[in-house]
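*Asks:* First the structure, which I've put down as structure tokens, then a few questions once you've had a look.
The values are calculated or read from the model by the stated rules, or taken from the named source; none is laboratory data. This is a predicted model, so every value here is computed, not measured. All Cβ positions, even for glycine, are placed from backbone atoms using ideal geometry, and neighbour counts span all protein chains on display. Protein only, heavy atoms only, side chains kept; ligands, DNA and RNA dropped before computing areas. Shrake-Rupley method; radii C 1.70, N 1.55, O 1.52, S 1.80 Å.
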Amino acid sequence: MKRKNSDSNQLVSSTLKSMGITLEHDKDGDLFFRYQMKYIYVFSSDNEQFINLLFNNFTNVDKKDLLTALRICNKINRETKLMKMFLNSSQNCVSASCEFFYTDGKSLEDNLRKSLKLLGLARTHFKKTARSLDD
């Protein structure tokens, strides 16, 4: 889904670039970048100062483990601010997302840094939470 370059989209792109991030577009025109050996997708709004960062399908879920995966996501979503975890519509993969509104370049950069830290640890957080449910 190709997006036009609005002022808010340009601010997101320029802020990420100033943080040392190299942006790319996939074959559908979606914006993404590599961060700590992960692909993070960026979805920003054309008409408001809102952004969604997506770490897509970072772990697979077997049918027999579906309920456990839902319990893990639920626990993380209750306890973690900014980042949410969820299963895809086929219920066979878990993704993590950070989405937020920002007021200016500084709030955008601050929240991007927090989001990247959380998404960078998403897989580890999922596995640690799974172990804590086993205890």
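*Asks:* Ignoring ligands, DNA and RNA, what accessible area per residue does region 65-128 give at 1.4 Å, in Å²?
*Replies:* Working: 3620 Å² over 64 residues.
Value for region 65-128: 57 Å² per residue.
*Asks:* Given a cut-off of under 8 Å on Cα pairs at least six residues apart, what relative contact order in percent is computed for region 1-127?
*Replies:* About 22 percent, as a whole number.
*Asks:* Just subtract the alpha-carbon distance of SER14 and ASP110 from 0.36 nm times their residue separation and send over the number in nm, one decimal.
*Replies:* 33.2 nm
*Asks:* For region 27-88, with only Lys/Arg (+1) and Asp/Glu (-1) charged at the beta-carbon, what is the dipole magnitude about the Cα centre, in debye rounded to 20?
*Replies:* On the way: 10 positive and 7 negative charges, 80 e Å.
Rounded to the nearest 20 debye, it is 380 debye.
*Asks:* Residue farthest toward the positive end of the dipole of the chain, with Cβ of Lys/Arg at +1 and Asp/Glu at -1: which of VAL42, CYS73, PHE32?
*Replies:* Of the listed residues, the answer is CYS73.
*Asks:* I've got another one for you. Calculate I(q)/I(0) for the chain by the Debye formula, one identical point scatterer on each C-alpha and no solvent, and give its log10 at q = 0.19 Å⁻¹ to two decimals.
*Replies:* Summing over Cα pairs of the chain leads to -1.08.
*Asks:* Something else about it: Determine ³J(HN,Hα), in whole Hz, for all residues of region 40-51 in sequence, where each value follows from phi through the Karplus function 6.51 cos²θ - 1.76 cosθ + 1.60 and θ = phi - 60°; x replaces Gly and Pro.
*Replies:* Whole-Hz 3J(HN,Hα) from phi for region 40-51: 10, 8, 10, 10, 10, 8, 6, 10, 8, 8, 9, 9.
*Asks:* Still on this structure: State, to one decimal in nm, how far the label point of GLU99 lies from the label point of THR59, with both points 7 Å from Cα in the Cβ direction.
*Replies:* For GLU99 paired with THR59, the spin-label model returns 2.3 nm.
*Asks:* Could you bin all the Cα-Cα distances of region 39-85 into 10 Å bins starting at 0 and give me the percent of pairs in each, rounded to whole numbers?
*Replies:* 22, 40, 29, 9, 0
*Asks:* Is any helix in the chain, taking whole DSSP H runs, at least 15 angstrom long along its axis by alpha carbon and on average at least 0.0 on the Kyte-Doolittle scale, and which ones?
*Replies:* 66-79
*Asks:* Using the Cα atoms of region 1-67, I'd like the radius of gyration and the largest Cα-Cα distance, Dmax, both in angstrom.
*Replies:* Rg then Dmax for region 1-67, in Å: 14.4, 46.
*Asks:* Still on this structure, please answer the following. Once you charge only the Cβ atoms, +1 for Lys and Arg and -1 for Asp and Glu, what is the size of the charge dipole of the chain about its Cα centre, to the nearest 20 debye?
*Replies:* Charge dipole of the chain: 460 debye, to the nearest 20.
*Asks:* Quick one: pull the percent of accessible area on the chain belonging to carbon and sulfur, 1.4 Å probe, ligands and nucleic acids left out.
*Replies:* The C+S portion of the solvent-accessible surface of the chain is 49 percent.
*Asks:* Hey, another quick one. Per DSSP H run of n ≥ 4, the term is -39500 (n - 2.57); total these for the chain, divide by its residue number, and report the mean residue ellipticity at 222 nm rounded to 500 deg cm²/dmol.
*Replies:* -13000 deg cm²/dmol
*Asks:* Considering the dipole of region 15-135 built from charges on the beta carbon (Lys and Arg +1, Asp and Glu -1) around the Cα centre, which of MET83, LEU23, LEU53 is farthest to its positive end?
*Replies:* MET83
*Asks:* Another one. Accessible area per residue, 1.4 Å probe, Å², for region 1-63: what's the number?
*Replies:* Accessible surface, normalised per residue, equals 63 Å².
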